[in-house]
1. From the list ALA284, ALA304, pick out the single residue that is of a type in the set (Gly, Ala, Ser), closer than 26 Å to GLY123 by Cβ and touching a residue at least 12 places away in the same chain (Cβ under 8 Å).
2. Give just the number: which of (1) buried (at least 22 other Cβ atoms within 10 Å of the Cβ); (2) at pLDDT 85 or above; (3) of a type in the set (D, E, K, R) does ARG101 not satisfy?
3. Only one of LEU296, LEU301 is within 17 Å of ALA108 (Cα to Cα) and touching a Gly at 6+ places or on another chain (Cβ under 6 Å). Can you tell me which?
4. Since ASN262 meets every condition but one in (1) in a helix (DSSP H, G or I); (2) surrounded by fewer than 23 Cβ atoms within 10 Å (Cβ to Cβ); (3) at pLDDT below 95; (4) of a type outside the set (Asp, Glu), which condition does it not meet?
5. Working only within region 278-293, note down all residues that are within 16 Å of ALA110 (Cβ to Cβ) and either among the basic types (Lys, Arg) or surrounded by fewer than 17 Cβ atoms within 10 Å (Cβ to Cβ) (or both).
6. Could you go through region 268-277 and let me know if any residue there is within 12 Å of the chain's Cα centre (by Cα), surrounded by fewer than 24 Cβ atoms within 10 Å (Cβ to Cβ) and modelled with pLDDT of 85 or more.
7. State whether one or more residues within region 49-65 are at pLDDT below 75 and more than 14 Å from LEU270 (Cα to Cα).
Amino acid sequence: MSAGLSIVAFVLGAGVSLATSWLLVTRLERVGGRLGFSEAVLGMVAALAADAPEVTASVTALSHHQQTVGAGVVIGSNVFNLAALLGLGALVAGHIGLHRRVVLLGGAIAVVISGICLLAVAGVLSPAVALAASLAVLVSYVALLAAHRSILRRLHVPRRWSSWLRLAIAEEEIELEVAIHPRRGTGRDVVAAVGALVVVVAASVAMERGASSLGHRYGIAQIVVGGLILAAVTSLPNAVAAVYLARRGRGAAALSTALNSNTINVVAGLLIPSTVIGLVRPSASGYVITGWYLGLTVMTLGLAYAGRGLRRVSGSVILGAYVVFVAVLLAIS
């Protein structure tokens, strides 16, 4: 692929993919609303749709045996999400108020998934084992969000824990109910969602191929192409949405967007294709990018819990950590 064609593929693919992902998100929310999904489950659906560009870019890279680019897109996107969705959101809004129960519930899932991701990239867990563990956590979490009352009764969870979980889910849904308010979907929304998904996938493939071709031509390391360039570009829709929610005071919705997006990225964009295609061998850049993802997740959640939310100082610390991450990745690549 020539340099000119690569640039056109990257720019056009990125623009079409990011623009169409908004259509995909809204139509899937409407379909989910018609099916009676709760606000928390709708948040997961929205995160899945918004993650289509990075998941597609990762799968495309992995299918072309560019494991470093594929892993970099997913894990780099997760680091960028924490910085842009929560760090930048707090800096712009001044304050993202969060309930401590929401931070603990969503944060526990996020830390477990990021820990599994690190073990997989380090070669401690095979992709298949990591996928099975992640799916067990994710499916249990979604089931709890969808039908927590009946599930808690069936499992005979102690009343104190049951009450705490109900409150945590209720507090998150109060925020999401305002942030996510789709009208009931129709058959047209289903058709539009399918069409948008096809366009997003095709455009994201073109974007990834263009970026990888340019990186190869100009000697840019694969981890930089995936972990910094593609990761940032594919995460922009989530970043814009989270800053918008933060400015409106919808703190839990912004947190949910970031954490759910990161979880889905790992499962759908990295572990599922890696189980079939294989994962990159352990390397210094792999340890850095995955370790930073886990560390920044823990740090962000710790700041959010301690301050009952994130303020400008916390946002600046998170953004500063991302700047250091970029510098370190460039230095070792």
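The values are calculated or read from the model by the stated rules, or taken from the named source; none is laboratory data. Bear in mind the structure is a predicted one, so any value in this text is a computation, not a measurement. Cβ sites come from the backbone with ideal geometry, for glycine too, and all protein chains shown count toward neighbours.
1. Among ALA284, ALA304, only ALA284 is of a type in the set (Gly, Ala, Ser), closer than 26 Å to GLY123 by Cβ and touching a residue at least 12 places away in the same chain (Cβ under 8 Å).
2. So ARG101 meets the others, but not (1).
3. So the residue among LEU296, LEU301 that is within 17 Å of ALA108 (Cα to Cα) and touching a Gly at 6+ places or on another chain (Cβ under 6 Å) is LEU301.
4. In the conditions (1) in a helix (DSSP H, G or I); (2) surrounded by fewer than 23 Cβ atoms within 10 Å (Cβ to Cβ); (3) at pLDDT below 95; (4) of a type outside the set (Asp, Glu), ASN262 misses (2) alone.
5. Listed by number, the list holds a single entry, GLY291.
6. yes
7. Yes, there is a match, as at least one residue in region 49-65 is at pLDDT below 75 and more than 14 Å from LEU270 (Cα to Cα).
For every residue, the table says whether it meets (1) more than 22 Å from THR257 (Cα to Cα); (2) at pLDDT 80 or above; (3) under 21 Å from the mean Cα position of the chain (by Cα); (4) basic (Lys, Arg).
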| site | (1), (2), (3), (4) |
| --- | --- |
| LEU165 | no, no, no, no |
| ARG183 | no, no, no, yes |
| LEU197 | no, no, yes, no |
| VAL200 | no, no, yes, no |
| SER212 | yes, yes, no, no |
